[in-house]
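What follows is a short report on a single structure.
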Amino acid sequence: GWVASYLHQYQGFWHTTRQIQGVLSCQKYFKSSSLNDKDIILVSTPKSGTTWLKAIIFSLVNRSTFPDTKQNHPLLTTNPHVLVPFLELNLFLPSKSKLVIPDLISSSIPSNNNDSNPSLFSTHLPYVSLPDSIKTSPCKLVYLCRNPKDVFISLWHFTNRLRPQNLAKNTMEESFEKFCNGVSLYGPFWDHSLGYWEVSLECPEKVLFLNYDKIKKEPFLHVKKLAEFLGFPFSLEEEANGDVARILELCSFDNLSNLVVNKSGRLSSGEENKTFFRRGEVGDWINYMTPEMAERLDSLVEKKLHGSGLEF
Ligand code: A3P
């Protein structure tokens, strides 16, 4: 898991020791042959709503196989992180007790040869660290970010929930100082988003740039856009049928967080399923941050993004 307290910088971004092993083996062993042109990779900064978007993308692209969202739908019994595994945190994370054996790693990648549905992968890797196979493949990337104040608060809760009980919690002040210095999981936060923002401007057919806050505000609009981008547009008939609404309902915070599978259970990477569901709202930072902290982070991020056209 992500419990380690020491972060190391690799290619300009901060990772735990264990994560770096996954990043390196992913870069080394994720070959073009593991990817089909139609495959989809969800990229996000941690705590920007990855779990939610995994659920949405899964139900979108598999809706002809699983049209009924109330019965026999995989999301009713399976955590979204199992349906859409992380490359460097699940598929390519060498087992703690074993040496890295390339053949073993590559054989654990789901094969997708005669499947008409695309394979779905996810990653928190910054653009500079993406394996070349992904950059050069026609596969699509969906990037998800979120306003930095909510990301910080969500991350602070998350890392404290993962900390062993006998260790002292990270204080907000200490974590905030680090976050502002760019030292957070897969941080600097702003560089992560900027990397994908630039590619999305250059190659809009390769990268769709999404923001949690905007999806929250206009879910229908963004889910329809996403479906179109991925090559699974909703027909007028489907829309009239309420298919978009049904997917949104299935993937809503209330619904997903109340499913038995998400209240109990643990991922193979160690985290409890329930740690991925907390409030699921925009603006919860106001309940934790002082006005001074908010102002400092806002102006820092504004400076970092200046001239890029990206805003939160
Ligand atoms: P909060 O801590 O602000 O509640 P990630 O999935 O990238 O780890 O992000 C987790 C954040 O997304 C948490 O934010 C979590 O509550 C929120 N989240 C999880 N499922 C969601 C859903 N179905 N709809 C909206 N937000 C969701």
Mean Cβ neighbour count within 10 Å, used as a protection proxy, ranking 305-312, 7-14, 58-65 highest first: 58-65, 7-14, 305-312
message: Taking the number of other C-beta atoms within 10 Å as the exposure measure, put CYS26, CYS203, CYS139 in order starting with the fewest.
response: CYS203, CYS139, CYS26
- line: Per DSSP, the loop-located GluC sites (Glu not before Pro) within the stretch 255-294 having at most 15 other beta carbons within 10 Å are GLU281
- request: Just subtract the alpha-carbon distance of GLN11 and GLU272 from 0.36 nm times their residue separation and send over the number in nm, one decimal.
  value: 91.0 nm
- request: Report the relative contact order of the chain, percent, no decimals, based on alpha-carbon pairs under 8 angstrom and at least 6 residues apart.
  value: 26
Candidate aspartates and glutamates - alpha carbon under 19 Å from LYS263, same-chain residues fewer than 8 apart omitted: GLU249, ASP254, GLU271, GLU272, GLU281
- prompt: Where a ≥ b ≥ c are the square roots of the eigenvalues of the C-alpha gyration tensor, would you call the chain rounded, which needs a/c under 1.5, or, failing that, prolate if a/b is larger than b/c, or oblate?
  reply: rounded
query: Extension gain ASP254-LYS178, at 0.36 nm per residue separation less the Cα-Cα distance, in nm?
result: 24.2 nm
message: Would you work out the Kirkwood radius for the stretch 191-231? I mean one over the mean of 1/r across all pairs of different Cα atoms, in Å.
response: 10.9
For the stretch 184-286: rounded, prolate or oblate by the Cα gyration tensor [a/c cutoff 1.5]: oblate
statement: Of all GluC sites (Glu not before Pro) in the stretch 174-212, the ones in DSSP coil with at most 14 other Cβ atoms within 10 Å are GLU205
query: What are the trypsin sites (Lys or Arg not before Pro) within the stretch 214-312 that DSSP puts in a loop, where the Cβ has at most 10 other Cβ atoms within 10 Å?
result: none
message: Quick check: pseudo-label points 7 Å beyond the Cα along Cα→Cβ at ILE286 and ALA245, how many nm apart are they?
response: 3.0
- line: For the stretch 8-57, the Cα convex hull volume per residue in Å³ comes to 107
- request: With the Cα gyration tensor of the stretch 246-290 in hand, give its eigenvalues times 5 under a square root as the equivalent ellipsoid semi-axes, listed largest first in whole angstrom.
  value: 22, 17, 7
- request: Take the cross-link list LYS54/LYS274; LYS225/LYS274; LYS70/LYS214; LYS135/LYS274 and give me the ones stretching past 22 Å between alpha-carbons.
  value: LYS225/LYS274; LYS70/LYS214; LYS135/LYS274
field: Helix-only [θ]222 nm of the chain, DSSP H runs n ≥ 4, -39500 (n - 2.57) each, per residue, nearest 500
entry: -12000 deg cm²/dmol
Cα-centred dipole magnitude for the chain, charges only on beta-carbon of K, R (+1) and D, E (-1), debye, nearest 20: 880
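Just so you know, all these numbers are worked out from the coordinates, no wet-lab data involved. This structure is a prediction, so every number in the text was calculated from the model and none was measured. Methodologically, a virtual Cβ is constructed for each residue, glycine included, from the backbone with ideal geometry; neighbour enumeration extends over all protein chains shown.
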